[in-house]
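The values are calculated or read from the model by the stated rules, or taken from the named source; none is laboratory data. No experiment lies behind these values; they were computed from the predicted model shown. Counting neighbours? That spans all protein chains shown, and the Cβs are built from the backbone with ideal geometry, glycine included.
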Amino acid sequence: MLTIYGANNRMCDGISRRNFIQIGALGMGGLTMPQLLQAEKNSTLGKSGKAIIMIYLPGGPPHQDMYEIKTDAPSEIRGEFSPIKTNVPGIEICEHLPRMAKIMDKLVLVRSLVGAENSHSSYQCMTGRISENRGTPPPGGWPELGSVLSKIKGPTHPAVPAYVNLSHKSRHGEYNFGRNSFLGVAHTPFKPAGDIRYDMTLNGVSLDRLADRRQLLQSFDSFRRDVDGSGLMKGMDSFNEQAFDVLTSSKLLKALDVEQEDPKLRDRYGRGSARPERDAAPMHMDQFLVARRLVEAGVRCVTVSFGYWDWHGKNFWNGRRYIPPFDQGVSALVEDLHQRGLDKDVSVVAWGEFGRTPKINKEGGRDHWPRVSCALLAGGGMRTGQAIGSTNRLGEEPKERPVHVQEVFSTLYHNLGIDANKTHIKDLADRPHYLVDGYNPIPEVT
């Protein structure tokens, strides 16, 4: 990380809370100096305004307790929750999702998601690929969806990163994302809540002294050599002289400042807490609102990690705790996008790494179940107001219309005008790779 501190409003720990900016690992989350400023000159980039908000539910949510209640299953499978009607005839969902029920016409439920593996990892949700320790990734590793968009589309504005990761660091390492890949450091996400262990500070350079362009560039040069040694990023060129314009822009900082929003809207989203839940993520409702503000500012992909969903015990106690805030945050986000006319341009996906076992265990929980899981989609100009697929009576496997994880990725790319089966990216060995392995967009929604 690159950290530049302000000179005023310092707190007791000596760090200014309002006058600082952290920029990830020189590449600045999709904002290397060459790419960033060349993109500004290239009239073919950054004009679509299309974006994706991906909400990751670490641990794997229970498909049969949220979107497809098994009312006719035995008690050891059915569970404690009841279904409620939605505003779309024939579609019922969990009683703890009442807000979503009222806007079901703006949502798509995927009840038969397949292609998952039994791995507690965000990797598949972020990349569409099986995890590195179970597959054979190309040199450098598979890129996350946001990194791909950063590479293919570039930034929409020179001071706005293409990919922003809003998630807080989880104690369970595999829940975290925003990793490097064969696309290089240039396309890793900007992390407003970055890991301080990787911070790099321009010692003695405050915002007041950033006007000294030469000093700034010399400071970049002082650590550029170490970063270049990774082999994952290209060297800077003459465009780095304009780094000053990026660092002094207020566009990104304004997007991150939810205090500018109407308190009534903030209440609609909810407030929550930034404290992580167990070994996973916080139920920080501001993330949903910041995500909307970021895509409105021009960010192409925003990722959010929300809550704790690995309910091996007390499944229904946990459900009553975690499902309602998820219901509130997602429904507020979707409604807000529609009210702002962004529903055709911004796609939303919410999912976890796998489903949960049909049978409730002796601890009252459900264990890992990769054979079938679920996803929630919205926006992106998709045909909403439908539930795709179903599982069998016990929720063990798809009964109708299995939907592969890579079909979801193909759909998200399609919503941004990218043909995932014809577009390729090259790894560190200069070998091309298509974005998905032959899977087409979900025809029911496109």
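What to note about this one:
To keep it simple, each residue is scored yes or no on (1) touching a Ser or Thr at 6+ places or on another chain (Cβ under 8 Å); (2) assigned to a loop (DSSP other than H, G, I, E, B); (3) without any contact (Cβ under 8 Å) to a residue 24 or more places away in the chain; (4) on the phi < 0 side of the Ramachandran plot.
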{"residue": "SER150", "(1), (2), (3), (4)": "no, no, no, yes"}
{"residue": "SER167", "(1), (2), (3), (4)": "yes, yes, no, yes"}
{"residue": "ARG171", "(1), (2), (3), (4)": "no, yes, no, yes"}
{"residue": "GLU174", "(1), (2), (3), (4)": "yes, no, no, yes"}
{"residue": "GLY178", "(1), (2), (3), (4)": "yes, yes, no, no"}
{"residue": "SER181", "(1), (2), (3), (4)": "yes, yes, no, yes"}
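- Entry remark, segment 307-361: residues being under 19 Å from ALA375 (Cβ atoms) and either β-branched (Val, Ile, Thr) or touching a strand residue (DSSP E or B) at 6+ places or on another chain (Cβ under 6 Å) (or both) number 17 in total.
- Of all residues in segment 254-280 being among the hydrophobic types (A, V, I, L, M, F, W, C) and in contact with a Lys or Arg (Cβ under 9 Å, 6 or more places away or on another chain), the one that is surrounded by the most Cβ atoms within 10 Å (Cβ to Cβ): ALA280
- Meets criteria (in contact with a Phe, Trp or Tyr (Cβ under 7 Å, 6 or more places away or on another chain) and modelled with pLDDT of 95 or more) for PRO143: yes
- Selection within segment 353-373 - part of a strand (DSSP E or B) and closer than 24 Å to VAL405 by Cα: GLY355, ARG356, HIS368, TRP369, SER373
- Hits in segment 240-274 - residues which are assigned to a helix (DSSP H, G or I), at pLDDT below 90 and over 25 Å from the mean Cα position of the chain (by Cα): ASN240, GLU241, GLN242, ALA243, PHE244, ASP245
- Subset of segment 158-175 that is among the polar types (S, T, N, Q) and within 11 Å of the chain's Cα centre (by Cα) - its residue that is surrounded by the most Cβ atoms within 10 Å (Cβ to Cβ): ASN165
- Strands (runs of 3 or more DSSP E) completely within segment 380-446 that count 3 or more residues being under 25 Å from ILE77 (Cβ atoms): 398-400
- Only one entry of PRO139, PRO143 meets the criterion of being in contact with a Lys or Arg (Cβ under 9 Å, 6 or more places away or on another chain) and surrounded by fewer than 24 Cβ atoms within 10 Å (Cβ to Cβ), and that entry is PRO139.
- On inspection, ALA420 qualifies as free of Cβ contacts under 8 Å to residues at least 24 places away in the same chain, over 26 Å from PRO98 (Cβ atoms), out of contact with any Gly (no Cβ under 8 Å at 6 or more places or on another chain) and small (Gly, Ala, Ser).
- Residue list for segment 87-103, restricted to those being out of contact with any Lys or Arg (no Cβ under 7 Å at 6 or more places or on another chain) and under 22 Å from LYS399 (Cα atoms): VAL88, PRO89, GLY90, ILE91, ILE93, CYS94
- Matching residues in segment 281-336 - criterion: being at positive phi and surrounded by fewer than 24 Cβ atoms within 10 Å (Cβ to Cβ): GLY298, LYS314
- Every pair of residues 6+ apart whose Cβ atoms lie under 6 Å, when the first sits in segment 54-74 and is buried (at least 24 other Cβ atoms within 10 Å of the Cβ) while the second is among the acidic types (Asp, Glu): GLY59/ASP310; GLY60/GLU353
- For segment 340-359, taking the residues that are β-branched (Val, Ile, Thr) and crowded, with 23+ Cβ neighbours inside 10 Å, the one that is nearest to THR391 (Cα to Cα) is identified as VAL349.
- For segment 342-398, the set of residues classified as farther than 17 Å from PHE326 by Cα and of a type in the set (A, V, I, L, M, F, W, C) consists of LEU342, VAL346, PHE354, ILE360, TRP369, VAL372, MET382, ALA387, ILE388, LEU394, listed by residue number.
- Among residues of segment 297-319, those that are in a helix (DSSP H, G or I) and over 17 Å from VAL330 (Cβ atoms), counted: 5
- Listed by first and then second residue, the pairs linking a residue in segment 76-93 that is on the phi > 0 side of the Ramachandran plot and crowded, with 18+ Cβ neighbours inside 10 Å to a residue that is not in a loop (DSSP other than H, G, I, E, B) and not β-branched (Val, Ile, Thr), with Cβ atoms under 6 Å apart and 6 or more places separating them unless they lie on different chains, are GLY79/ASP65.
- Criterion (charged (D, E, K, R) and over 15 Å from TYR56 (Cβ atoms)) met by exactly one of ASP310, ASP286, ASP279: ASP286
Every residue, every condition in (1) under 20 Å from ASP343 (Cβ atoms); (2) at pLDDT 95 or above; (3) of a type in the set (A, V, I, L, M); (4) buried (at least 17 other Cβ atoms within 10 Å of the Cβ), yes or no:
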position: VAL408; (1), (2), (3), (4): yes, yes, yes, yes
position: ASN415; (1), (2), (3), (4): yes, yes, no, yes
position: ALA420; (1), (2), (3), (4): no, yes, yes, yes
position: ALA429; (1), (2), (3), (4): no, no, yes, no
position: TYR434; (1), (2), (3), (4): no, yes, no, no
position: TYR439; (1), (2), (3), (4): no, yes, no, yes
position: ILE442; (1), (2), (3), (4): yes, yes, yes, yes
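- The set of residues in segment 103-136 that are surrounded by 21 or more Cβ atoms within 10 Å (Cβ to Cβ), aliphatic (A, V, I, L, M) and modelled with pLDDT of 95 or more comprises MET104, LEU107, VAL108, LEU109, VAL110, LEU113, MET126.
- Within segment 254-267, residues that are within 15 Å of GLY329 (Cα to Cα) reach partners that are modelled with pLDDT of 90 or more and outside any helix (DSSP H, G or I) with beta carbons closer than 9 Å, at six or more positions or on different chains, in the pairs ARG266/MET285.
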